[in-house]
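Peer 1: Input: one structure, supplied below.
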Amino acid sequence: MEHMTKALLALIEKSPSPFHAAANLAGELEAAGYVRLREEELWTLARGGRYFVERNGSSLLAFRAPQGEWRGFLLTAAHSDSPSFKLKPQGELTGPENYLRLNTEPYGGMLMSTWLDRPLSVAGRAVVRTERGIESRLVDVDRDLLVIPSVAIHMNREANRGHAWDPKTDLTPLLGLGTEKGVLRRLIAEAAAISEEDLLGGDLFLYLRQPGTVLGAKRELVAGPRLDDLQCAFACFHGFLEAEEGGGMPVFCLFDNEEVGSATRQGADGTFLQEVLGRICAALGRDCPAELAASVMVSADNAHAVHPNHPEYADGGHRPRLNGGVVVKHSASQRYTTDAVSGALFREICRRAGVPTQEFANRSDLPGGSTLGNISNTHVSLTTVDVGLAQLAMHSAWETAGAEDTGYLLRAAGAFYGSVLRPDGQGGWEIR
Ligand code: ZN
């Protein structure tokens, strides 16, 4: 398996929840010499310094103060969360008969049927009582634990004729046999290495246990859970880490809660990015609006490839292919931020870096999805392009993408961060 795909699948496997994804990237940043800043402290930033800051343990911003002259920020943004089922606080259901089940609710807009008949487990954040107060801990019941069983075809002869999935009945996971309550609590406490009395709560999600893999006749496809959006997060993050110094301050953004609309403290619709960029400007004596006017954001979230069995869902002229390069997304209603200028700017950077690009627009009668770029722009307004990597089965528990595309976005992000981009004040940009 190619090295990069292996590294992507390793990140996905050890990131069963957005808390784990952020913690894993934070760990890589610390290993690379980045200093962890805390939001509640005053910041002193040095020329050439490398920094990152987390919010809620599930969103993260990393940046480098350039050694040389710089103007504006060069940002990439991806999201840490994926559709799943969140456990309710009183998470156990006893019965019918001797079954013990879990009470969950959908997190995001998933393809529900894909969660059935697969080994699942539970991961996220636990809050524990300590001598000092309370503490957040990553938790992962790291074994095959749950299943959501289908109804047999013999009991529902209509099962293959389309089904309206009801999350409150059809998607209730089975934890085991026995009507004794408190089993889940015991498992979570065990996984968090604490005593049960000290477990005060958790933000816990179901995840698919099956690790991702490479498939296809030429091993050209990568398949697994949470490719949306950890594939883009991985590519942008490594493009950020590996980039040479360009003419702007490089910033990498990982936001939680994209799948539920981003309107949270740590989401792209919160104040996180705005405040961090404002504080960077203040610490370095810059005028923030002037820097933002010279800034560019690449919002990276996976895109729809033409479906092999249902090509009719793709627009006539905008039909991204797997391994066809980075997808630039367009939407007249501006659910994607790309306009002629930001699209051309990004494509030109890719062309110079030898990275192929392709274009996506929804079929005109399909509304499509939304993403980080336009939401973030309502708080931090700057030139933004929405891009992504082509994939199949978006929001399935098991998604499929092109194995080569990860490298294309990584190179595009690296080239973007290494560029000198200067607006000419009249809708044009100098690109060096
Ligand atoms: Zn996404």
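The values are calculated or read from the model by the stated rules, or taken from the named source; none is laboratory data. Remember, it's a predicted structure, so these values are computed and weren't measured experimentally. When we count neighbours, we look across all protein chains shown, and the Cβ atoms used for this are built from the backbone with ideal geometry, even at glycine. Note: areas computed on protein heavy atoms with side chains; ligands, DNA, RNA excluded. Shrake-Rupley method; radii C 1.70, N 1.55, O 1.52, S 1.80 Å.
Peer 1: Give me the distance between the Cα centres of segment 253-270 and segment 188-220, rounded to whole Å.
Peer 2: For segment 253-270 versus segment 188-220, the Cα centre distance is 21 Å.
Peer 1: Taking the Cα centre of the chain as origin, work out the dipole magnitude from +1 charges on Lys and Arg Cβ and -1 charges on Asp and Glu Cβ, in debye rounded to 20. Intermediate values should be presented prior to the final figure.
Peer 2: Numbers: 42 positive and 54 negative charges, 85 e Å.
The calculation lands at about 400 debye.
Peer 1: Quick one: 3J(HN,Hα) in Hz for segment 208-218, Karplus 6.51/-1.76/1.60 with θ = phi - 60°, rounded, Gly and Pro as x.
Peer 2: With the stated coefficients, segment 208-218 comes to 7, 6, 4, x, x, 8, 9, 9, x, 4, 10 Hz.
Peer 1: Using alpha-carbon pairs under 8 Å, 6+ residues apart, how would you state the relative contact order of segment 1-101 in percent?
Peer 2: 21 percent
Peer 1: Nearest-5 percent of antiparallel DSSP beta bridges in the chain?
Peer 2: Details: 53 of 79 bridges.
Roughly 65 percent of the DSSP beta bridges within the chain come out antiparallel.
Peer 1: Also: Using the 4.7 Å Cβ rule, please list in number order the cysteines from the chain without any candidate partner.
Peer 2: When partners are defined as cysteine Cβ atoms under 4.7 Å apart, the chain leaves Cys232, Cys236, Cys253, Cys350 without one.
Peer 1: Report the charge-dipole magnitude of segment 84-208 in Debye, nearest 20, computed about the Cα centre from +1 at each Lys and Arg Cβ and -1 at each Asp and Glu Cβ.
Peer 2: Values: 15 positive and 18 negative charges, 52 e Å.
That gives a dipole near 240 debye.
Peer 1: Counting only residues 5 or more places away or on other chains, whose amide H sits under 5 Å from the amide H of Ser295 once H atoms are built in the peptide plane?
Peer 2: Excluding prolines and chain starts, which carry no amide H, the hits are Phe73, Thr383.
Peer 1: For segment 1-77, what is the accessible area per residue in Å², given a 1.4 Å probe and the full set of protein chains?
Peer 2: Numbers: 3290 Å² over 77 residues.
Value for segment 1-77: 43 Å² per residue.
Peer 1: Let me ask you something else. Would you pull out the residues with amide H under 5 Å of Asn103's amide H, same chain only if 5 or more places away, H placed 1.01 Å from N?
Peer 2: The list, which skips near neighbours in sequence, is Lys88, Glu92, Leu93.
Peer 1: For segment 103-256, just the Cα atoms, rotate onto the principal axes and tell me the three extents in Å, largest first.
Peer 2: Extents along the principal axes: 64, 55, 26 Å.
Peer 1: Work out the charge dipole of segment 84-208 with +1 on the Cβ of Lys and Arg and -1 on the Cβ of Asp and Glu about the Cα centre, then indicate which of Leu111, Pro149, Ala189 is farthest towards its positive end.
Peer 2: Toward the positive end, the furthest listed residue is Leu111.
Peer 1: To the nearest 20 debye, what charge dipole does segment 234-302 have about its Cα centre, counting +1 at the Cβ of each Lys and Arg and -1 at the Cβ of each Asp and Glu?
Peer 2: I would put it at about 260 debye.
Peer 1: For segment 314-386, state which trypsin sites (Lys or Arg not before Pro) are in a DSSP loop and have at most 15 other beta carbons lying within 10 Å of their beta carbon.
Peer 2: Listed in order of number, the matching sites are Arg321, Arg363.
Peer 1: So what is the relative contact order for segment 84-208, in percent, with contacts set as C-alpha pairs under 8 Å and at least six apart?
Peer 2: Working: 231 pairs, mean separation 49.1, N = 125.
Computed over segment 84-208, the figure is 39 percent.
Peer 1: Also: Find the relative contact order for the chain and round it to a whole percent, using C-alpha pairs within less than 8 Å whose residues are 6+ positions apart.
Peer 2: Value for the chain: 21 percent.
Peer 1: Farthest toward the dipole's positive end in the chain, which of Gly325, Thr76, His304, given Cβ charges of +1 (Lys, Arg) and -1 (Asp, Glu) about the Cα centre?
Peer 2: Of the candidates, Gly325 comes out farthest on the positive side.
Peer 1: Something else: How high is the FRET efficiency between His379 and Thr130 when r is their beta carbon distance and R₀ equals 41 Å, given to the nearest 0.05? It would help to have the intermediate numbers written out before the result.
Peer 2: Values: r = 35 Å, r/R0 = 0.84.
Computed FRET efficiency for His379 and Thr130: 0.75.
Peer 1: Next question, about the same structure. Kindly write out, for segment 246-254 in residue order, the coupling ³J(HN,Hα) from the Karplus curve 6.51 cos²θ - 1.76 cosθ + 1.60 (θ = phi - 60°), rounded to whole Hz, with x marking Gly and Pro.
Peer 2: Those phi angles translate into x, x, x, 7, x, 10, 10, 10, 10 Hz.
Peer 1: Can you list the residues, at least 5 places off or on another chain, whose amide H is less than 5 Å from the amide H of Gly202, using H built in the peptide plane?
Peer 2: Val127
Peer 1: Enter the Cα centre distance for the pair segment 50-77 and segment 106-146, rounded to the nearest angstrom.
Peer 2: Spelled out, the Cα-based centre of one part sits 29 Å from the other.
Peer 1: Could I ask something else about it? Could you give each residue of segment 167-180 its phi-based ³J(HN,Hα) in whole Hz, using Karplus coefficients 6.51, -1.76, 1.60 with θ = phi - 60°, and x for Gly or Pro?
Peer 2: x, 7, 10, 5, 9, 7, x, 8, 8, x, 10, x, 9, 6
Peer 1: Another question, if that's okay. Rank Ala403, Leu382, Gly285 by how far each Cα sits towards the positive end of the charge dipole of the chain (+1 on Lys, Arg Cβ; -1 on Asp, Glu Cβ) and give me just the farthest.
Peer 2: Sorting the options by dipole projection puts first Ala403.
Peer 1: Using the Cα atoms of the chain to build a convex hull, what is its mean projected area in square nanometres? Show your work: numbers first, answer last.
Peer 2: Working: hull surface 89.5 nm².
The Cα convex hull of the chain, projected and averaged over all directions, gives 22.4 nm².
Peer 1: Taking all protein chains as present, what is the carbon and sulfur share of the accessible area of segment 66-107, in % to the nearest whole number, probe 1.4 Å?
Peer 2: 44 percent
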